[in-house]
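Undergrad: Take this structure first; my questions come after.
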Amino acid sequence: IDPLLQAFVLGWDWHSFMTGPLGVFDAPIFHPEPRTLAYMDHLLGEALVSGPVAFATGSPPAAYNTLVMLSFAASGWAAYRLARWLGISRVGSFVCGFLFAFGPYRLSNLGNLNQLQTQLVPLALLFVLRFAATRRTRDLAAAFATLAVQSYLGWYYGFHIACGFALVV
């Protein structure tokens, strides 16, 4: 049921962006309660990323599938970047990125669009580790920017990123 719910939420987000963005959290569910989209992952980030595909093709499934495919590419790339910064060879970093992108955890969550958005976890870890090593303000700003962006892609990993920050600090 999660893919159907998430497809509905994406459709509602796209509809709200076009008709009245301030009412995006007033989804037509759980009547008569207001701001019901706040009860779950709102998928606002996913809606922004996939919106151009949805509007260009007129196909919500194409937009949804684009998000799934992008999540694999972006997650693999982010894990690759983290591994390279940690000093792992290009081949080893590629294997790291591949295993992160196509590991059992991600494959078991294919039906959960919000759980596929893992790309910012290794990226946030990269930025916070670089900040710990260099004390550059831009790395700290980038770390918190990834946390902020993650809050629009899914709250679950926002908590994971915050825990990672606490461990590094």
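Undergrad: Take the residues in the stretch 9-20 that are of a type outside the set (D, E, K, R) and touching a residue at least 12 places away in the same chain (Cβ under 8 Å), then tell me which one is farthest from D41 (Cα to Cα).
TA: Here is the first cut: in the stretch 9-20, the ones of a type outside the set (D, E, K, R) are 9-12, 14-20.
This time we only want the ones that are touching a residue at least 12 places away in the same chain (Cβ under 8 Å), so: 9-12, 14, 17.
Numbers: V9: 9, L10: 10, G11: 14, W12: 13, W14: 15, F17: 17 Å.
The selected residue is F17.
Undergrad: Continuing with this model, one more query. Which condition number in (1) at pLDDT below 90; (2) touching an Asp or Glu at 6+ places or on another chain (Cβ under 8 Å); (3) open to solvent by 50 Å² or more (accessible area, probe 1.4 Å) is the one that H42 fails?
TA: The failed condition is (3).
Undergrad: What's the number of the condition V53 fails, among (1) under 20 Å from G158 (Cβ atoms); (2) assigned to a helix (DSSP H, G or I); (3) open to solvent by 20 Å² or more (accessible area, probe 1.4 Å)?
TA: (1)
Undergrad: Same structure again: (1) in a helix (DSSP H, G or I); (2) open to solvent by 50 Å² or more (accessible area, probe 1.4 Å); (3) without any contact (Cβ under 8 Å) to a residue 60 or more places away in the chain: which one isn't true of Y152, the others all being true?
TA: So the condition that Y152 fails would be (3).
Undergrad: Here's a follow-up. When you scan the stretch 61-85, how many residues do you find that are over 17 Å from A142 (Cβ atoms) and open to solvent by 70 Å² or more (accessible area, probe 1.4 Å)?
TA: Number satisfying all stated conditions: 4.
Undergrad: Quickly run through the stretch 89-137 and pick out the residues that are assigned to a loop (DSSP other than H, G, I, E, B) and either open to solvent by 70 Å² or more (accessible area, probe 1.4 Å) or among the small types (G, A, S) (or both). Write out each step before concluding.
TA: Our first condition is that a residue be assigned to a loop (DSSP other than H, G, I, E, B); within the stretch 89-137, this holds for 89, 103, 109-112, 117-119, 135-136.
S89, G103, L110, G111, R135, R136 - these are the residues of the stretch 89-137 that are assigned to a loop (DSSP other than H, G, I, E, B) and either open to solvent by 70 Å² or more (accessible area, probe 1.4 Å) or among the small types (G, A, S) (or both).
Undergrad: Exactly one of (1) without any contact (Cβ under 8 Å) to a residue 40 or more places away in the chain; (2) open to solvent by 30 Å² or more (accessible area, probe 1.4 Å) is unmet by G23. Its number?
TA: If we test G23 against (1) without any contact (Cβ under 8 Å) to a residue 40 or more places away in the chain; (2) open to solvent by 30 Å² or more (accessible area, probe 1.4 Å), just (2) comes out false.
The values are calculated or read from the model by the stated rules, or taken from the named source; none is laboratory data. Just so it is clear, the structure is predicted and the values come from calculations on it, not from any experiment. Methodologically, a virtual Cβ is constructed for each residue, glycine included, from the backbone with ideal geometry; neighbour enumeration extends over all protein chains shown. Heads up: the accessible areas ignore ligands, DNA and RNA and are worked out on the full protein's heavy atoms, side chains in. Shrake-Rupley method; radii C 1.70, N 1.55, O 1.52, S 1.80 Å.
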